[in-house]
1. Tally the residues that are modelled with pLDDT of 95 or more and more than 16 Å from Glu194 (Cα to Cα), restricting the search to the range 397-416.
2. State yes or no: is Val121 open to solvent by less than 40 Å² (accessible area, probe 1.4 Å), closer than 26 Å to Pro349 by Cα and not in a helix (DSSP H, G or I)?
3. Is there any pair linking a residue in the range 282-305 that is among the polar types (S, T, N, Q) to one that is surrounded by fewer than 17 Cβ atoms within 10 Å (Cβ to Cβ), with Cβ under 7 Å and at least six apart or on different chains, and which?
4. Buried (at least 18 other Cβ atoms within 10 Å of the Cβ) and outside any loop (DSSP other than H, G, I, E, B): is that true of Val268 in this structure?
5. Out of the range 290-330, which residues are part of a strand (DSSP E or B) and open to solvent by 10 Å² or more (accessible area, probe 1.4 Å)?
6. Of Thr199, Thr188, which residue is hydroxyl-bearing (Ser, Thr, Tyr) and closer than 30 Å to Lys239 by Cα?
7. Please specify each residue of the range 388-399 satisfying the condition of being under 15 Å from Ser174 (Cα atoms) and either open to solvent by less than 20 Å² (accessible area, probe 1.4 Å) or acidic (Asp, Glu) (or both).
8. How many of the residues making up the range 98-114 are hydrophobic (A, V, I, L, M, F, W, C) and touching a strand residue (DSSP E or B) at 6+ places or on another chain (Cβ under 8 Å)?
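The values are calculated or read from the model by the stated rules, or taken from the named source; none is laboratory data. In this text, all values refer to a predicted model and were calculated from it rather than measured experimentally. Cβ sites come from the backbone with ideal geometry, for glycine too, and all protein chains shown count toward neighbours. Side chains included, ligands, DNA and RNA excluded: accessible areas come from the protein's heavy atoms. Shrake-Rupley method; radii C 1.70, N 1.55, O 1.52, S 1.80 Å.
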Amino acid sequence: MISAQNRLQLLSGNRWLTFLIIGLFAAACSPKVRTVAVQPKKNEPGKLVEKPQPANAAKPAEAKASNIALLLPFGLDHLRAGSPYTTVTLKEADISLDYYRGFKMALDSLTGLGYNYKLQVFDSKGEKAQAHSLGLNPAIRASDLIVGPVFPEDVKAFTSAYPNSRQPVVSPLSPAAPATIKSAGLITMMPPLEYHAWTAAHYINDKLKPKKVFVLKSGYSEENDYIIPFKKTIDSLSKNHIQVVYVTVIHGQLGSLIPQLTAGAQNVFIMPATNQHFLTVTLRGLDSLNSTYPVTLFGHPNWVNLTFLKGDLLQRLNTYITSSDHINYKDPGIMAFARYYRNGYHTEPTDFAIKGFDEGIYLGRLLATGDVRNLAESDFTGLHNNFHFQKKAGLGWINTHVGIYKYVNFELKKIE
């Protein structure tokens, strides 16, 4: 419904577009997107007060509807008697409902700019067999864009049933490495762990310039998913001038490192662990060293979700965390979104609702303007997520945008 010559380009720094769209959502008196197929039945948005449009507002011509298939694990079978939700399946359903609300809110908002969509919602149930079955569904195959399934194994099962490399299939919430799925049509919205490792390595090499970096390991093999790309990147950037020292820590004992530490400069540590016991005792050990040997610490991106970690301790340890989607609840855009979401759904938005909104705005506009197959020049700054995509042969498009945050005044502040 917007002519090609009038479309807005998605470039870095376009937060104004997000504010505009939030305002348009607030002005919408009823949903404009046609939603069909399986969809959640509870807590649908109420009508909002309509605001008058400017007298000189453009009236674009009616556009052909873009068809979007949304595949989420609602687990609606658990609504039947005798098959109640478990703690796990209920959490999956809550995430699905929140994401759906945010995504649909984005599409409703985009119609205010003249776009047109038909949204079909399917229950993937969080099961590989169901995902495979959906991959054979003609209605889904005929869609212009497929968003979901959510879990990596489900995405793999879906794409194996429908190996059409020309059809965009969005992995909306998982940072799983695309190499585990191997689909040329895949769009991975959440940066995989290796991009966090690369970002940390770049910052350490460019800004901190230490002679050594100490990698504190718990012994779990999954830590290598961070350690290996970090080591390759720091070696390449520093031309092997920064020494990487590996230490497997037992019971938080770090005394053996003292001969290699420097009292008059920052000692840089990497901790790619998420295990609660290991982190608790090892951070305590680092805190003891910190009084004599200044510590700078880089943590795993999942630390932002670990409630047992204490902000005062992390601040004392000069802690940095990489993140692709940290929410600043004091941001005016987030506060405005929360207000309109609350009015529409009578509940507080979760981070999954905000993800759904950001991804809906980004993908919805690219789909309607014909740019969804070429994301290289379509950077986007959203409320929750930023998008900067790179194409990888055989793996599709990958969002590579990762920010660096530091504990300041007992909260995470973005520094880069």
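1. Going through the range 397-416 one residue at a time, the tally reaches 2.
2. Yes: the conditions hold for Val121.
3. Thr292/Ala263; Thr296/Leu208; Thr296/Gln266
4. Details: buried (at least 18 other Cβ atoms within 10 Å of the Cβ): yes; outside any loop (DSSP other than H, G, I, E, B): yes.
Yes, satisfied.
5. Result: Tyr320, single match.
6. Only one candidate qualifies: Thr199.
7. Gly396, Ile398, Asn399
8. 3
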